[in-house]
Amino acid sequence: MPFSDSITSKYPSLGKVTDDDAALSHDGREIALLRYVYSHPALEELRGSPSQILRVMDEFAAQEKFLINVGPDKGEKIHGLIEDAKPTVLVELGGYVGYSAISFADAMRRAHGKIKPGLRLWSLEFDPLVASIAMSLIELAGQSEIVKVVIGPAADSIQRLHAEQTLTTIDFLFLDHVEDLYISDLKVCEHLGLLKPGSMVVADNIRLPGAPEYLSYVRQHVGMDSWTLKGLIIPGDYEVSPTKFQGSHGNSIFAWI
């Protein structure tokens with residue numbers, strides 16, 4: 001996986017990537033991240049500061065080990081969507097180590113101007129280890145009041161939360177787990193009536209590694225329209241033509257391709 005000298009000089013972690021690192025995750029780097037954050041010389045300044053914790057996570061990803069986080073470029077673009085939509089309930093499928101949850105929860109709070117009653121971000125993560133790391137960093141960021149991490153398969157968690165009447169509507173759905181599950185998990189949300197007029201769905205990694213079946217499904221959906229936007233995958237490489245769908249029922253989909 002070659003990168004230019006100008007990119008690796010700015011992001012040394014990418015210079016360490018080999019062909020054996022195709023997954024770029026679940027090889028111990030997540031635990032190394034947690035140690036890095038909690039041994040940081042500015043730890044006390046990080047407490048209760050989402051922006052500072054994200055900065056340190058970006059620092060780790062650039063200098064130590066690349067992380068499959070949303071990152072600052074995509075994150076800032078999604079912040080714009082959150083600012084416009086002002087969701088009260090955001091659900092992300094695939095929470096990983098908590099970067100997106102910390103980022104999006106902060107954007108939700110700022111969009112509303114305060115922590116309003118009912119403001120909730122559900123972070124659904126299959127892997128218990130990375131979920132526990134996310135919980136620790138979310139708590140360090142002072143966001144445990146907004147963010148709740150749920151461990152297990154996304155579809156099972158959604159159905160359980162709905163059955164418990166804990167989750168009755170989704171204003172903003174972020175798909176960032178297994179691309180082959182995007183359609184089935186979106187259909188679970190549709191079947192349960194969780195997506196209401198004006199709901200927004202953002203799907204990551206549509207171009208790389210790719211989710212062509214998902215794209216076909218949402219593009220052919222009679223209740224959805226689309227538009228495009230650029231989004232950074234890794235330094236020096238851009239995904240193009242994200243798609244936002246909005247149709248007769250008022251539901252919205254935003255897909256990275």
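Computed from backbone phi, the HN-Hα couplings of segment 154-168 come to 4, 4, 5, 5, 4, 5, 5, 4, 5, 4, 7, 6, 7, 10, 10 Hz, rounded to whole numbers (Karplus: 6.51 cos²θ - 1.76 cosθ + 1.60, θ = phi - 60°; Gly and Pro given as x). Could you tell me whether segment 159-219 comes out rounded, prolate or oblate from its Cα gyration tensor? Rule is a ≥ b ≥ c as square roots of the eigenvalues, rounded for a/c under 1.5, then prolate if a/b exceeds b/c, otherwise oblate. Since a/c reaches 1.5 and a/b is larger than b/c, the shape of segment 159-219 is classed as prolate. Of the chymotrypsin sites (Phe, Trp or Tyr not before Pro) found in segment 98-181, not one falls in a DSSP loop while having at most 16 other beta-carbon atoms within 10 Å. Expressed as a whole percent, the accessible surface of segment 60-103 that belongs to carbon and sulfur atoms is 51, based on a 1.4 Å probe.
In terms of its C-alpha gyration tensor, segment 72-206 comes out rounded, because the ratio a/c of the largest to the smallest axis stays below 1.5.
Under 5 Å from the amide H of Val149 lie the amide H atoms of Ser123, each residue being 5 or more positions distant or on a separate chain, with H modelled from the backbone and absent for Pro and chain starts.
Working note: Karplus 6.51/-1.76/1.60 with θ = phi - 60° gives segment 181-196 the couplings 9, 4, 5, 5, 6, 5, 5, 4, 5, 5, 4, 7, x, 7, 8, 9 Hz, where Gly and Pro are set to x. Summing Cβ point charges (Lys, Arg +1; Asp, Glu -1) relative to the Cα centre of segment 57-198 gives a dipole of roughly 580 debye.
Taking all protein chains into account, the per residue accessible area for segment 140-230 stands at 48 Å² (1.4 Å probe).
The values are calculated or read from the model by the stated rules, or taken from the named source; none is laboratory data. Given the structure is predicted, the values throughout are model-derived calculations rather than measurements. Note that we place each Cβ from the backbone using ideal geometry, even for glycine, and neighbour counts take in every protein chain shown. Accessible surface is based on the protein model in full, side chains and every heavy atom, while ligands, DNA and RNA are left aside. Shrake-Rupley method; radii C 1.70, N 1.55, O 1.52, S 1.80 Å.
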